[in-house]
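Here is the structure we will look at.
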Amino acid sequence: MRAGIVFTLLLITAGTLPAQDRGTDAANPVSQAIRNSWKNAKRNITESAEQMAEADYSFKPVDSVRTFGQILAHVAGASYVYCSGARREKSPFSEGDFEKTATTKAAIVKALGDSIAYCDAAFDALTDASAGELVANPFGEGQFARATALLNNTNHLNEHYGNLVTYFRIKGMVPPSSRR
């Protein structure tokens, strides 16, 4: 059952990447597909953080949503939680830590970069065999496959990249993935 789920995720994630972003690893094609998706998601988020001017980190289209900077800070904190589960470690930060403490572009970019480096270690260590190992669900009770924690993190980055794309478009800017 688990192998079927992982294979399905491989097909889904492999089809979402541009050809030039597809690394190959014949011995670990599933975990390589997961790393390729991560590479694409972290590139979009990182380039978004770099592209937006500091003055616009406080921009939000309506009062009921996070600012541009708060989204990035949230992504940084949540990434630690997701990846700590995959690494079988206690998260060094909670999901909301950076939204409360990182208030400048420099602080948010640093928190984001550090969280990406933390997650890179989990993605780099992933093999097809370890992808199916059970780990604790970092956001609740129970366990799931290590790959699930990493795919959830990638999906979370992509979800919030979609928010950032909207913010860029509202400001009349072209988002990173459209600039390529």
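Points to keep in mind about this one:
- The chain: angle of helix 2-15 to the longest principal axis, Cα-based, in degrees nearest 10: 50
- Rounded percent of accessible protein surface that carbon and sulfur make up, the range 95-153, 1.4 Å probe: 55
- Estimated dipole of the range 105-173 in Debye, rounded to 20 [Cβ of Lys and Arg +1, of Asp and Glu -1, Cα centre]: 520
- Neighbour cut-off at most 13 other Cβ (10 Å), DSSP loop, GluC sites (Glu not before Pro), the range 96-180: Glu141
- 10 Å binning of all Cα-Cα separations within the chain, expressed as whole percents from 0 upward: 10, 37, 34, 17, 2
- Total charge dipole magnitude, the chain, about the Cα centre, Cβ charges on Lys, Arg, Asp, Glu only, Debye to nearest 20: 300
- Choice from Ala107, Ala55, Ala33 with maximal GNM fluctuation in the chain (Cα, 10 Å cutoff): Ala55
- Taking 0.36 nm per residue of separation and subtracting the current Cα-Cα distance, fully stretching the chain between Glu141 and Thr101 would add 11.6 nm.
- Extended-chain gain in nm, criterion 0.36 nm per residue less alpha-carbon gap, Leu134 and Val65: 21.4 nm
- Nearby aspartates and glutamates by direct alpha-carbon distance to Lys42 (threshold 13 angstrom, same-chain neighbours under 8 apart not counted): Asp21, Glu50, Asp114, Asp120, Glu159
- Excluding exposed DSSP-loop chymotrypsin sites (Phe, Trp or Tyr not before Pro) (at most 16 other C-beta within 10 Å), longest clean stretch of the chain: 60-138
- With 22 Å as the limit on Cα-Cα distance, the pairs of Lys105/Lys171; Lys39/Lys100; Lys110/Lys171; Lys39/Lys171; Lys60/Lys105; Lys100/Lys171 that go past it are Lys39/Lys100; Lys110/Lys171; Lys39/Lys171; Lys100/Lys171.
- The shape of the range 123-180 comes out oblate: with a ≥ b ≥ c from the C-alpha gyration tensor, a/c is at least 1.5 while a/b does not beat b/c.
- Acute angle (nearest 10 degrees) that the helix 29-51 long axis makes with the longest principal axis of the chain, alpha-carbon atoms: 10
- Nearest-ten-degree value, helix 146-170 long axis tilted from longest Cα axis of the chain: 20
- Heavy-atom accessible area per residue - the range 23-123, 1.4 Å, Å²: 44
The values are calculated or read from the model by the stated rules, or taken from the named source; none is laboratory data. Nothing here was measured: the structure is a model prediction, and the numbers come from that model. As a convention, Cβ positions derive from the backbone with ideal geometry for all residues, glycine included, and neighbour counts pool all protein chains shown. To get the accessible areas, we keep the full protein, side chains included, count just its heavy atoms, and leave off ligands, DNA and RNA. Shrake-Rupley method; radii C 1.70, N 1.55, O 1.52, S 1.80 Å.
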